[in-house]
């Protein structure tokens, strides 16, 4: 029987014997440096060493071997955790064994963290040497020993031995270093808010990561049917039998389904979806999510796990795959100079650059190594147990004569369908042509390697213009919920305490963390403005940093960013009282003077957010020279720029070296803030020019809004001069809903004329009729998009598409109505609303925009699921919440009192008032709830309740928090409390929350009689109908019907018969459905409600079609339904 070849050379065996001898003779804390190419836990030398240590009695007490990975923790923290003297806890090793800690991966750390780790070793050496342990550093190259000599000289002097081995891993030599590099790069938060000049604290991602949630569009059966009535053109009860064939063609297709937002756990969604696009606002956690995935998939690969388990609850992320992670903006910059560069070619260059930096060896040197890696084709045929294990069979190792590059390994994995491809930041490519080219390349890459899993991130803003195909599942990250925010703060504070005081006890950590998180939660709860920001992970992190520094939290995000910049510059240096630092090392004014113009330049010219070191030095020298009237090329200026870069990097982390030789802001949000400060530091005319240049580019939304917000808080006089000029494009937009409906249509052309707005009356033939004074239903009134966007107040709301045209009625001098259109007025109106939700301006300016927003909302004949309606409501809500002057609600109330307002528009005013009031808890909201209940009871208008259900299905998540807040304050009379509880319950009538609504409603139902008693059973029935529990829905609808019949509310009775018919039909009880619908029709004919009569006919047709599908062949459906409808309906309607 053949024995397996020995992977170690004779020289390495001798070196190993010397190492073992040293251990046997050692005592106390012993420091050893071991060097082996591509060293890792499964390296042949490491495996052989562990085997010897475990088998041979090297000392009386023996050794307990533990692996430590720098990619997952700080060594000092890890060692303190092992020491019972400091912690008061038991050691996780046998009582008589001596710890032998093998530390891997310090070379893979990025420079700041590597320096910090070495400094901590040097400073903490005294306490380390009080322990009886062996500390063994496994390194890849002997050159790294110089890092210890330079960075930790005192620690270096106490070394016991240096051993060097020549043996390479027998298989996939670069595979382990690649995984360890991935883990190291993504294992901790590179946030400098916890960085001081002399001491950096690393917050590891797993210590604070909170699993995010997202929304996706889910296709469901739409049982209401009311919104489809106009599309069927059923505007009259006089429906001819010869129309049934046309109508019935669509009844069981598009008219019976719709998409609704469904909230899902993002990790689970990614596990279930092979191709995913993750959309989110700035700072929503998109990049952090990819870092989290890269970290845990790489760890699972390294540890040979079949399944990836991660997070607090060991959530299952799916089958283990090899992560491939890079920024799309890096690829975009290469495309700018290599237009034919494919994504696969870029991946090759990306991996080859990594390989050259890791190995620093030529192909010749690699090929002459003692052991060569296997041929790539056989790489995946080897089990994980064979990788790097001594004794693997030669047939499996398949050694070749040439080293296989890491790219070849990656490519083989891709062809095998075993990769997780993570592409970050599609939105960071602002050139539409290049973005389209990148999307095409991604699609081609996905098609070629279709068996792999792909996750791509992008901001919401701008994604729709150039988006990926329908094979990708789209998820939009939602705000962090209150319980997620609290959990994050608890974990964050505990992680910071552990990092700052690694020598303290667990009891101390927890006590201090509870104190800090408790104070922070109270500070957040005390300010509505601050509370709104906590749904965004980046802003929440900044809040935590600012609070920890003892600063008061502001309620405007531009002030928050300003305070963050101050915190990350001056305050940290002053508050920590660093040794040898009596004054501020770097002033905020210095940072602003240089970084603001730099940020603006980068935002214009560097979409990747990265700038090369020569470029940044040249640009900063130019800025500095202009500010100080000096020659940018002078030695003095160059020295000052060098000094500035060093200080801003070391003391603030705002502008850092994000890749070797490349600089950028720590986060795009700060680049946008500094760019905004540059914009604001101009004359009014120059600011206007800058904004007009970029106002229709989604990438510039945030800098523009932040610039205006800064001016509004710092210079009210200038902002009040600027904003009227900014809103001038809206001067000619004066919608008058008394004269007709406002429409939205899509067009692939510019429409009439080439000017920005074309206010010329449209030709009569545009509408198809010479004398028509109002447009018919337009053929394409689709929404702006199908992806529900995040409604975080701090987000950049998505702009309507450029091919969306707003059409509105205009009354001429001769009292005739014509129609005007514009492809930009809707964008300008939504932009104005967004500005006023961020900037404090003159009340007259606000009043005009509020009027335009309200009349546009009321004038559009669209449902709440339409994106434009939701956008308008969100703007009005945010505007009211920011200004807190009840201006929006007062205008809506005035509109509701307009006697010319139709019933449908009156209902829209009531619902808008309630939604806007839900912007924050307080007496305004309490009053709005009372007003809604009063109208519901006094008007006995069922549309008010049903339309509220439609509203909360789309926007209820915005309404619930404030309603819950006032609901908890129960110091009010019973009727008032019941009203608040009732409306709060209704806000939960949305997917995944129906049970919460039912629970509250049933509690109210147990209370004594109240004016809303008649609607409680109705609301419960609605919840069960939405849950598709039709038996319970029918029971509660019947209960409500009995009450309403006793009260003689005929409108309500007709509506309840309608819903009963609907539930019976959907549950398959067609005869009962028919009976109920005929009763609906009879009452509505008595009330002479033409639109509701038509709806009743429409429902009868649907019932008939459902009956046919069950009992008749589909090819006979039209003939049968024609005779059936004639027979059933003639006695009632008189039509034949």
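Rule-based calculations on the coordinates, nothing more; no lab input. All of these numbers come straight from a predicted model, not from anything done at the bench. Glycine also receives a Cβ, built like all others from the backbone with ideal geometry; neighbour counts cover every protein chain displayed.
Worth a mention:
- In a fully extended conformation the segment linking residue 450 and residue 271 would gain 62.9 nm over its present Cα-Cα distance, using 0.36 nm per residue.
- Inter-label distance for residue 634 and residue 481, nm, one decimal - labels placed 7 Å from Cα along Cα-to-Cβ: 6.2 nm
- Segment residue 344-residue 1031, length gained on full extension (0.36 nm per residue, minus Cα span): 241.7 nm
- Using the Cβ-Cβ distance between residue 319 and residue 683 with R0 = 45 Å, the FRET efficiency computed as 1/(1 + (r/R0)^6) comes to roughly 0.15.
- Between residue 164 and residue 863, full extension at 0.36 nm per residue minus the direct alpha carbon distance yields a gain of 244.3 nm.
- For the peptides 590-599, 669-678, the ranking by packing is 669-678, 590-599, with the highest mean count of neighbouring Cβ atoms within 10 Å listed first.
- With the simple model of a label 7 Å out from the Cα in the direction of the Cβ, residue 525 to residue 728 spans 5.0 nm.
- Spatially, region 322-345 and region 130-159 are offset by 38 Å when compared through their Cα centroids.
- Among 1017-1027, 944-954, the peptide with the highest mean count of other Cβ atoms within 10 Å heads the list, and the full ranking is 1017-1027, 944-954.
- Region 687-740-region 432-469 distance, computed between alpha-carbon centres (Å): 32 Å
- Nearest-0.05 FRET efficiency for residue 642 and residue 356, computed from C-beta distance (R0 25 Å): 0.40
- The Cα atoms of region 903-962 give a gyration tensor whose axes a ≥ b ≥ c have a/c of 1.5 or more with a/b no greater than b/c, which makes the shape oblate.
- Three-way shape call for region 588-714 based on the alpha-carbon gyration tensor, with the a/c threshold at 1.5: prolate
- Here the label points at residue 9 and residue 97, each 7 Å from Cα along the C-beta direction, are separated by 3.3 nm in the simple model.
- Relative contact order, whole percent, for region 588-714 stands at 26, derived from Cα pairs under 8 Å and 6 or more residues apart.
- Prolate is the label for region 482-555. Its Cα gyration tensor axes, ordered a ≥ b ≥ c, give a/c of at least 1.5 and a/b above b/c.
- With a Förster radius of 30 Å applied to the beta-carbon distance between residue 123 and residue 566, the computed FRET efficiency rounds to 0.55.
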